[in-house]
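**Student:** One structure, as structure tokens, below. Some questions next.
Taken together, the values in this text are just the output of simple stated rules run on the coordinates, not laboratory data. This is a predicted model, so every value here is computed, not measured. Positions of Cβ are backbone-derived with ideal geometry, glycine not excepted, and every protein chain shown enters the neighbour counts.
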């Protein structure tokens, strides 16, 4: 349960960074970012595998570059269902998920390291 909370928090903070860096991505409030983080996770877990299988021939022909389009569609789909989270334009659809992935990986690794440091200090 705590892992889901950390993952959602890291994704919400990553979405706020994407809001600052990528033009066309807009998140109105921090609660909207938390709901958007949950929505992005839900779309990536449910819709993305289906889209990935359906787009496999295009992905093979493009040597994997079509997966950027699939990620962008999932990112945009998450924005469609969350009020206060908008994604407009192809730049936001393609670059937004890439930046989100980099920042989310960094924050997740940081939070795991901090959690491990905390656990080590409490065991003494």
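**Student:** Springs between alpha-carbon pairs under 10 angstrom, Gaussian network model over the chain: which of 20, 58, 42 fluctuates most?
**Tutor:** Maximum among the listed residues: 58.
**Student:** For the chain, set up a GNM with springs between Cα atoms under 10 Å and report which of 11, 86, 105 has the largest fluctuation.
**Tutor:** 105
**Student:** Once you have the Cα-Cα distance between residue 29 and residue 106, take 0.36 nm times their residue separation minus that, and quote the gain in nm to one decimal.
**Tutor:** 25.5 nm
**Student:** Given the options 27, 50, 93, state which has the largest fluctuation in a GNM of the chain using a 10 Å cut-off (strictly under) for Cα springs.
**Tutor:** Residue with maximal mean-square fluctuation among 27, 50, 93: 50.
**Student:** Same structure again: Between residue 80 and residue 5, how high is the FRET efficiency from 1/(1 + (r/R0)^6) when r is the Cβ-Cβ distance and R₀ = 25 Å? Nearest 0.05.
**Tutor:** Result of the calculation: an efficiency of 0.50.
**Student:** Could you work out [θ]222 nm for the chain from helices alone, using -39500 (n - 2.57) per DSSP H run of at least four and dividing by all its residues? Round to the nearest 500 deg cm²/dmol.
**Tutor:** -27000 deg cm²/dmol
**Student:** Mind jotting down a quarter of the surface of the convex hull over the alpha carbons of the stretch 2-123, in square nanometres, one decimal?
**Tutor:** 8.4
**Student:** Return the FRET efficiency for the residue pair residue 114, residue 50: r is the Cβ-Cβ distance, R0 is 41 Å, and the value is rounded to the nearest 0.05.
**Tutor:** My answer for the efficiency is 0.70.
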